1. Please turn the phi angles of region 175-182 into ³J(HN,Hα) values with the Karplus equation 6.51 cos²θ - 1.76 cosθ + 1.60 (θ = phi - 60°), one per residue in order, whole Hz, x for glycine and proline.
2. Using a cut-off of 14 Å between beta-carbons, work out the net charge of the residues near Leu62 (Lys and Arg +1, Asp and Glu -1, Leu62 not included).
3. Name the shape class, rounded, prolate or oblate, that the alpha-carbon gyration tensor gives for region 127-193, where a ≥ b ≥ c are the square roots of its eigenvalues, rounded holds for a/c under 1.5, and otherwise prolate holds if a/b is larger than b/c and oblate otherwise.
4. Please identify the GluC sites (Glu not before Pro) of region 82-151 that satisfy two criteria: DSSP loop assignment and at most 16 other Cβ atoms within 10 Å. Which are they?
5. Run a plain Debye calculation on region 92-156 (Cα atoms as equal point scatterers, no solvent) and give log10 I(q)/I(0) at q = 0.19 Å⁻¹, rounded to two decimals, same order as the q list.
6. For Lys193 and Asn136 in one chain, what is 0.36 nm times their gap in residues minus the Cα-Cα distance, to one decimal in nm?
7. For region 50-109 and region 123-193, compute the distance between their C-alpha centroids and round to whole Å.
Amino acid sequence: MKTIKTLSILALSTFLFVGCGDKKKEDTEATEVEDVMEVEEVEEVTPNIVEVASGNDNFSTLVAAVVAADLAETLSGEGPFTVFAPTNDAFAKLPEGTVDTLLLPENKDQLTGILTYHVISGKFEAAAVVDAITNNDGKFTVTTVQGGTIDLSLNDGNVVLTDAKGGSATVVIADVAASNGVIHAIDTVVMPK
């Protein structure tokens, strides 16, 4: 009987010892998994101008034009840029066949000129644009990356762009954030000289 008691105590001790070892092993494995999960958590990054536009169906024509003009890399660069981005509806206002013609390889220079006419160096959010217009007697002229100028003004609280040909576009969505600048969606394609 004494032997059975001794064997029982030994068996119980072994069981407890192994059980505690398993608990430590589980704790260690759980800590390792948590450590790996912490490492795998990636800091959320704001997409650049091209990525933002590519992620929005309203800019699919603009994105196709940017790709055709080989401007995707430039507009994905450090910047900062302010882009007055025509929506698909803005491109649809152009005479029939204009977009298809501009997308042809032989018209790349013309397309590049039109697209860069919609871009300003620097990041100008809506409040800064409105302040500039207000502080300059209701009209503020900006120089585009293309080299031409666009006049900015206000109409019923909305920012209006007047292009070199006298055409106008209205900002319909302001301050779309990007890592390398800001996008303001416009309802009409503006044209350089």
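1. Result, rounded to whole Hz: 6, 7, 6, 9, 5, 10, x, 8.
2. Working: positive: Lys93; negative: Glu51, Asp57, Asp89, Asp187.
Net of charged neighbours comes to -3.
3. Working: a/c = 1.34, a/b = 1.08, b/c = 1.24.
It comes out rounded by the Cα gyration axes.
4. Numbers: sites: Glu96, Glu106, Glu125; in loops: Glu96, Glu125.
When the GluC sites (Glu not before Pro) of region 82-151 are filtered for loop state and at most 16 Cβ neighbours within 10 Å, Glu96, Glu125 remain.
5. -0.82
6. Working: separation 57, 0.36 × 57 = 20.52 nm, distance 2.40 nm.
18.1 nm is the gain from fully extending Lys193 to Asn136.
7. Distance between centres, Cα-based: 17 Å.
Only the coordinates and a few stated rules stand behind these numbers; no lab work does. It should be emphasised that the depicted structure is a prediction, and the values quoted were computed from it without experimental measurement. Here Cβ is always computed from backbone atoms with ideal geometry, including for glycine, and neighbour counts include all displayed protein chains.
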